[in-house]
Amino acid sequence: VTLWLLDEQKAQFIRGASTAPQTGELSPGNPLAASSSAVVAGLRGRSSPFDLQGIKEAWAQELRQLNPTTFPNGGTRWCVPLRAGEQSLGAFVLADRVSGASYTAEQLQLLQCIADQVTSVLLNLRLANEVARSREMDAFRTMSAFFVHDLKNTAASLNLMLKNLPVHFDDPAFREDALRGIGNTARRIDTMIARLSALRQRPAFHPVEADLNQL
């Protein structure tokens with residue numbers, strides 16, 4: 001059995017997993033590990049298990065080449081699409097069976113049930129990824145709001161200082177205060193840069209036993 005998953009950006013099926021022995025030739029950059037967009041289009045109209053040998057179109061020929069026969073006297077290869085409504089998530093292909101044994105109606109129904117379960121799991125994984133990305137964006141927006149607020153305050157203090165500089169430049173007290181303000185502003189900017197740099201680092205946690213009532 002070989003599982004093919006849809007890469008939506010490239011509009012092609014990518015080999016996700018297989019019970020067949022894996023070799024170096026199945027690396028992601030090798031054509032044997034991915035299909036063309038024609039295979040995706042050919043499977044788009046199918047929702048139930050079908051005999052891959054009986055399809056004469058070019059996309060079916062390509063899919064057979066991606067899933068070669070195993071046994072000298074094996075049976076036909078079958079393809080089971082993974083679909084959720086109008087959405088295609090991939091397919092798994094069953095290799096030729098030893099001695100050319102055919103599938104019964106009950107076995108085909110079982111394959112359809114397995115496909116529905118796999119599709120459900122894939123949809124849940126995709127939804128979980130989308131939720132995680134959404135939470136990351138919300139966290140980024142919240143964090144950005146704090147940094148923008150700090151930057152605005154820093155810029156406002158510098159602008160006020162620059163406006164007063166031509167008028168009070170000859171006042172030694174003003175110059176001293178201006179130098180102190182510039183130093184404080186530089187330190188605030190350094191602190192913000194350090195906070196931003198810390199976001200790229202994984203925080204180190206050191207669990208200790210504690211009394212929750214005390215906390």
The condition of being open to solvent by 60 Å² or more (accessible area, probe 1.4 Å), closer than 30 Å to residue 47 by Cβ and in a helix (DSSP H, G or I) holds, among 167, 148, 121, only for 121
Matching entry among 155, 105 (being of a type outside the set (Asp, Glu) and within 30 Å of residue 72 (Cα to Cα)): 105
Only residues that are polar (S, T, N, Q) and either part of a helix (DSSP H, G or I) or at pLDDT below 85 (or both): list them for region 85-101, please. 87, 99
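Conditions tested, residue by residue: (1) more than 20 Å from residue 116 (Cβ to Cβ); (2) of a type outside the set (Gly, Ala, Ser); (3) under 30 Å from the mean Cα position of the chain (by Cα).
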{"position": "53", "(1), (2), (3)": "yes, yes, no"}
{"position": "57", "(1), (2), (3)": "yes, yes, no"}
{"position": "63", "(1), (2), (3)": "yes, yes, yes"}
{"position": "67", "(1), (2), (3)": "yes, yes, yes"}
{"position": "73", "(1), (2), (3)": "yes, yes, no"}
{"position": "82", "(1), (2), (3)": "no, yes, yes"}
{"position": "86", "(1), (2), (3)": "no, yes, yes"}
Would you mention how many residues in region 75-100 are at negative phi and open to solvent by 50 Å² or more (accessible area, probe 1.4 Å)? 5
For residue 37, all conditions in the list (1) within 18 Å of residue 8 (Cα to Cα); (2) buried (at least 19 other Cβ atoms within 10 Å of the Cβ) hold save one; what is the number of the exception? (2)
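The values are calculated or read from the model by the stated rules, or taken from the named source; none is laboratory data. It should be emphasised that the depicted structure is a prediction, and the values quoted were computed from it without experimental measurement. Using ideal geometry, Cβ is built from the backbone for each residue, glycine included, and neighbour counts are taken over all protein chains shown. What goes into the accessible areas is simple: the full protein's heavy atoms, side chains included, and nothing from ligands, DNA or RNA. Shrake-Rupley method; radii C 1.70, N 1.55, O 1.52, S 1.80 Å.
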